[in-house]
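One structure, as structure tokens, below. Some questions next.
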Amino acid sequence: MIIARTIVDLKEHLYALSEGGRRSIGYVPTMGYLHEGHASLMREAKSHNDITVLSIFVNPTQFGPNEDLDRYPRDEERDLKLADECGINIVFLPAVQEMYPRPSKTSVIVSGLTDRLCGASRPGHFDGVGLVVSKLFHLIKPDRAYFGMKDAQQVAVIQQMVDDLNIDTVIVPCPTVREPDGLALSSRNVYLSAEHRAQAVVLSQSLAQAKTWIEEEATTAGSLLSLVKDRIESVPDAVIDYVELLQYPSLDPLNEHELTHKLESPVLLAMAVKFGTTRLIDNSLYHPSGGV
Ligand code: AMP
């Protein structure tokens, strides 16, 4: 496994391995502190491409001024071991100075899709994501790039960006990997106290409960949201940032009648909930066929 810390190094190794573009490149962008969720993306990339590239970069432009940039967890040695086990060929590990040698005067703003859910709670977050992902796509030129549906809004935003800018990369959404009790794996779970870790299971439990309510067509969007919020707030330290039901991938609001009839298009139930200073997100996608 090759470790490239500079753009020059990355390009040299990509050039050598890709045989003038004849070998396909699968790419997994991450911020490191890797877990089985990231590993599932790496394995998926490995099984469908000739060359697999992983990037580990805690991107400062997607963090707000009072967010956890400085304390974001890192463990390079463990990350490299997992990447190696997953068969990654090149790990790109740039320093901030390498990615941003000067402040960028170019912005990548995907409008509309980014003014709700996490975009509303974290102003500027998706501008940072759009900027760094487009820079990384230009450097790596992947045939396919793998993203987790844990960040469903991110998948919708990146897909829109790729379509709008004619970027020649297929976006492959991958299912959320969970702990045995249902908690979605996240690098940020490490922040949780034992007490909050136990309470956090309410997110996935409320999503599973919502699935039953939706399948039974027994509720309107408004009352479903109330039921889900009540369920989350039944644990002592949960503070809801948002719980929303939207069409997917447009993220347009849902017609009130859509839940009481058969679903016509996929519906996303997405939530962000704080336990102390730790903000967790989770979601579930409900398909017209009834599958999740
Ligand atoms: P991050 O390092 O948190 O920026 O995540 C990098 C990629 O891994 C993103 O595409 C995430 O959606 C994905 N990811 C994070 N957690 C999970 C999970 N539990 N299951 C599947 N993919 C995940």
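Amide H of PHE147: which non-local residues (sequence gap of 5 or more, or other chain) have their own amide H closer than 5 Å, using H built in the peptide plane?
Close amide H contacts, sequence-distant or interchain: VAL172, CYS174.
Would you work out what percent of the accessible area of the chain, with all protein chains in place, is carbon or sulfur (probe 1.4 Å)?
The nonpolar share, carbon plus sulfur, comes to 51 percent.
If you place +1 on the Cβ of every Lys and Arg, -1 on the Cβ of every Asp and Glu, and leave all else neutral, what size is the dipole of the chain about its Cα centre, to the nearest 20 Debye?
Values: 27 positive and 39 negative charges, 131 e Å.
With only Lys, Arg, Asp and Glu charged at Cβ, the dipole is about 640 debye.
Rounded, prolate or oblate for segment 16-109? Axes are the square roots of the Cα gyration tensor eigenvalues, ordered a ≥ b ≥ c, and the cut-off for rounded is a/c under 1.5.
Details: a/c = 2.24, a/b = 1.40, b/c = 1.60.
Because a/c hits 1.5 or more and a/b fails to exceed b/c, segment 16-109 counts as oblate.
Now for a separate question. Restricting to Cα pairs below 8 Å that are 6+ residues apart, what does the relative contact order work out to for segment 187-286? Please round to a whole percent.
Working: 149 pairs, mean separation 29.7, N = 100.
Over segment 187-286, the number comes to 30 percent.
Sum up the charges of everything whose Cβ sits under 15 Å from the Cβ of LEU165, counting Lys and Arg as +1 and Asp and Glu as -1, but leave LEU165 out. List each step's numbers first, then the result.
Details: positive: LYS135, LYS141; negative: ASP127, ASP163, ASP164, ASP168.
That works out to -2.
Here's another thing I want to ask about it. Determine the sum of side-chain charges near GLN205: Lys and Arg each +1, Asp and Glu each -1, restricted to other residues whose C-beta is under 12 angstrom from that of GLN205. It would help to have the intermediate numbers written out before the result.
On the way: positive: ARG178, LYS211, ARG231; negative: ASP181, ASP282.
Charge balance near GLN205 sits at +1.
Skipping prolines and chain starts, which residues have an amide H placed within reach, meaning under 5 Å, of the one on SER55, given they are 5 or more residues away or on another chain?
Close amide H contacts, sequence-distant or interchain: VAL28, THR30, PHE92.
Something else: May I ask for the angle, rounded to the nearest 10°, between helix 125-140 and the longest principal axis of the chain, with both axes built from Cα atoms and the value confined to 0 to 90°?
30 degrees
Same structure, new question: Relative to the longest principal Cα axis of the chain, at what angle does helix 152-164 sit, 0 to 90 degrees, rounded to 10?
50 degrees
If I take every Cα pair under 8 Å that is 6 or more residues apart in the chain, average their sequence separation and divide by the length, what percent do I get for the relative contact order? Please report the intermediate quantities before stating the final value.
Details: 503 pairs, mean separation 47.5, N = 292.
Averaging sequence separation for qualifying contacts and normalising by length gives 16 percent for the chain.
Under 30 Å Cα-Cα from LYS135, which lysines qualify once same-chain neighbours fewer than 8 residues away are excluded?
Counting by Cα, and skipping residues close in sequence, LYS135 has these lysines nearby: LYS11, LYS46, LYS81, LYS105, LYS150.
Given R₀ = 45 Å, what would the calculated FRET efficiency be for VAL96 paired with VAL201, taking r from the Cβ atoms and rounding to 0.05? Could you put the intermediate results ahead of the total?
On the way: r = 35 Å, r/R0 = 0.78.
Once the sixth-power term is evaluated, E becomes 0.80.
Rolling a 1.4 Å sphere over the protein heavy atoms, what is the accessible area per residue of the chain, to the nearest Å²? Show your work: numbers first, answer last.
Details: 13690 Å² over 292 residues.
Result: 47 Å² of accessible area for each residue.
Between SER234 and ILE2, 0.36 nm times their residue separation minus their Cα-Cα distance comes to what? Working shown, then result.
Details: separation 232, 0.36 × 232 = 83.52 nm, distance 4.86 nm.
Separation in residues times 0.36 nm, less the Cα-Cα distance, equals 78.7 nm.
I've got another one for you. Assigning unit charges at the beta carbon (Lys, Arg +1; Asp, Glu -1) and nothing else, what dipole magnitude in debye, to the nearest 20, does segment 2-174 show about its Cα centre?
Numbers: 18 positive and 23 negative charges, 41 e Å.
For segment 2-174, the charge dipole is close to 200 debye.
Evaluate the relative contact order of segment 138-259 (contact order divided by residue number), counting alpha-carbon pairs under 8 angstrom at least 6 apart; express in whole percent. If you can, show how the numbers build up before the last one.
Details: 114 pairs, mean separation 24.8, N = 122.
Once normalised by length, the contact order is 20 percent.
The values are calculated or read from the model by the stated rules, or taken from the named source; none is laboratory data. None of these values were measured; they are calculated from a predicted model. No Cβ is skipped: glycine too gets one built from the backbone with ideal geometry, and neighbour counts run over all protein chains shown. Areas reflect the complete protein model, heavy atoms only, side chains present, ligands, DNA and RNA absent. Shrake-Rupley method; radii C 1.70, N 1.55, O 1.52, S 1.80 Å.
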